[in-house]
1. Condition first: assigned to a loop (DSSP other than H, G, I, E, B) and open to solvent by 10 Å² or more (accessible area, probe 1.4 Å). Now tell me which residues in the stretch 176-203 satisfy that.
2. K45 - would you say it is of a type in the set (K, R) and assigned to a strand (DSSP E or B)?
3. Quick check on the stretch 43-56. Is at least one of its residues among the polar types (S, T, N, Q) and either modelled with pLDDT under 95 or within 26 Å of D221 (Cα to Cα) (or both)?
4. Under 6 Å between Cβ atoms, which residue pairs at least 6 apart in sequence (or on different chains) link something in the stretch 129-156 that is more than 13 Å from P100 (Cα to Cα) with a partner that is in a loop (DSSP other than H, G, I, E, B) and of a type in the set (K, R)?
5. Pick out the one residue from E281, E229, E276 that is surrounded by 18 or more Cβ atoms within 10 Å (Cβ to Cβ) and over 23 Å from the mean Cα position of the chain (by Cα).
6. Outside any loop (DSSP other than H, G, I, E, B), surrounded by 24 or more Cβ atoms within 10 Å (Cβ to Cβ) and out of contact with any Gly (no Cβ under 6 Å at 6 or more places or on another chain): does that describe L72?
7. Just the residues that are farther than 20 Å from V346 by Cβ, in a strand (DSSP E or B) and open to solvent by 20 Å² or more (accessible area, probe 1.4 Å), please, taken from the stretch 75-107.
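The values are calculated or read from the model by the stated rules, or taken from the named source; none is laboratory data. All figures in this text were calculated on a predicted structure; none of them were measured in a lab. When we count neighbours, we look across all protein chains shown, and the Cβ atoms used for this are built from the backbone with ideal geometry, even at glycine. In case anyone asks, the SASA skips ligands and DNA or RNA and just uses the protein heavy atoms, side chains included. Shrake-Rupley method; radii C 1.70, N 1.55, O 1.52, S 1.80 Å.
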Amino acid sequence: MIYRSLVRALITSAALAAGVLLTGCNSDEISLATNAKANQPVPPKLLSDMVAKDMDLNSPILVRLFKQEAELEVWKQDRSGRFALLKTYPICRWSGDLGPKVREGDRQAPEGFYNISPAQMNPQSAYYLSFNTGYPNAFDRSLGRTGSQLMVHGDCSSRGCYAMTDEQIAEIYSLGRESFFGGQRAFQLQAFPFKMTPINMAKHRNNPNMPFWKMIKEGYDHFEVTRQEPKVDFCEKKYVFDAAKAPNATREPVFDASAKCPAYVIPDEVADAVREKQQAENAETAKLIARGTPVARTNTGIDGGMNKVFAARVPDGNTGLSEGGDGQSLSLLALSRAPGTIPSHVNPPRAPSDNLLLGAPEEPKLVAAPAAPAPAPTRVANAAPTAQNDGFFSSLARKVGLGGSADATTASTQPAAPPAKPKVIEAKRSEPPPRPAAAVSKPEPKQVASRPPLKPSVSDTPAAATPAAAPAQVAGSAPIVSSNSFDSRFGAMK
């Protein structure tokens, strides 16, 4: 088994090395090939978790973001072809309010469904490492929404982005990189205002963004009941999930975000499971409202949020719009180990009078940190990959066929599900008014079968813990080496 895995890794490395050589002797691209930050190995703890959860190192991933909970989830496909939760990362900082991004400079972090291709991975980010969310997608553009350079990055500082610590983004970046090596053309990023539970829907029932949130909750529900990446299309300025060809159609439906929806179907097994889940949750939401669940405040003027594990360690820190705790719980959290390095220039959520004026650049300017015994790592000017200069990952992807547009549907590697009897769906421009739901118990959702200095990796164990034994080799992966750099992958290159 180990021998076969090694052969597979060597063949993959040889193909990628050929792609690099075809690019010629461009010094910029060669320097990216040896970029130490972008080539840090997946930490041993995560490799052990993959073995325990029956996952391959190079299997596809999926990312979900939740503003109110200030959490980023990485899901990974197991050997059954379904996605399972690999790890949850607390978000160090996000900016704006609950709700989608609308225009350039509004400080809003995006909400919706986006695809991350190799071309959107930025190893030269000024914020350690980053990847572009792909905002605006076709739906956003159909509404005239504007914005650029909306990233998930390190440095724990945000003006329209989702900011992690450097250690966290290094792990997330490595998981995306390995999924591309395994053949995934793009991984899906799902960004939500909060976990779409009955209690949260009841609390935010009067928010003007609720129609949009109900629309993207449809995709949330599709993933919850299938544990498969939902296929995303757009028409009539709305999202459509898992659409397929109608029985009497002669070709696949063609979607245009601004045009009328074509005839399409959703397989019965998916549609029925989603409907059952939604009916139970709508009934639970109605019960919560009838019991007088308080309505969440809107337009608070607070700029974004911060997970409580970080707020506990920042002077005068608070969680802002994120779910937090009282002073006592934050003080107790301050005694636990932080999931990464919190820079001295971190900007915790504050009132409007303390924030910069709207219209500021999406990415924050770097603030000089106080003098420290050791010099801070040198940061390289941030420039997201563009059509003219989209970096090594993009060039490499085009050479070996891994590239894809930001709005492209992610290639699936899971086994094909047995064909289900389709149900023709009539596309409607608006949602029907909610019907009063009777009080019922909430069942479980039905599942559908189917070279700068480097930061240490984030650890889930106490700092004083003894080193764990080396994890078992993950099927399909190359042997773990100290740097996992392109130098080690392509040893023939100089």
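1. Result: G182, G183, R185, K195, T197.
2. The answer is no for K45.
3. We begin by selecting, within the stretch 43-56, every residue among the polar types (S, T, N, Q); these are 48.
Narrowing further to those that are either modelled with pLDDT under 95 or within 26 Å of D221 (Cα to Cα) (or both): none.
Looking through the stretch 43-56, none of the residues is among the polar types (S, T, N, Q) and either modelled with pLDDT under 95 or within 26 Å of D221 (Cα to Cα) (or both).
4. S142/K237
5. So the residue among E281, E229, E276 that is surrounded by 18 or more Cβ atoms within 10 Å (Cβ to Cβ) and over 23 Å from the mean Cα position of the chain (by Cα) is E281.
6. So L72 passes the test.
7. Residues satisfying the conditions are D78, A84, L85, K87, T88.
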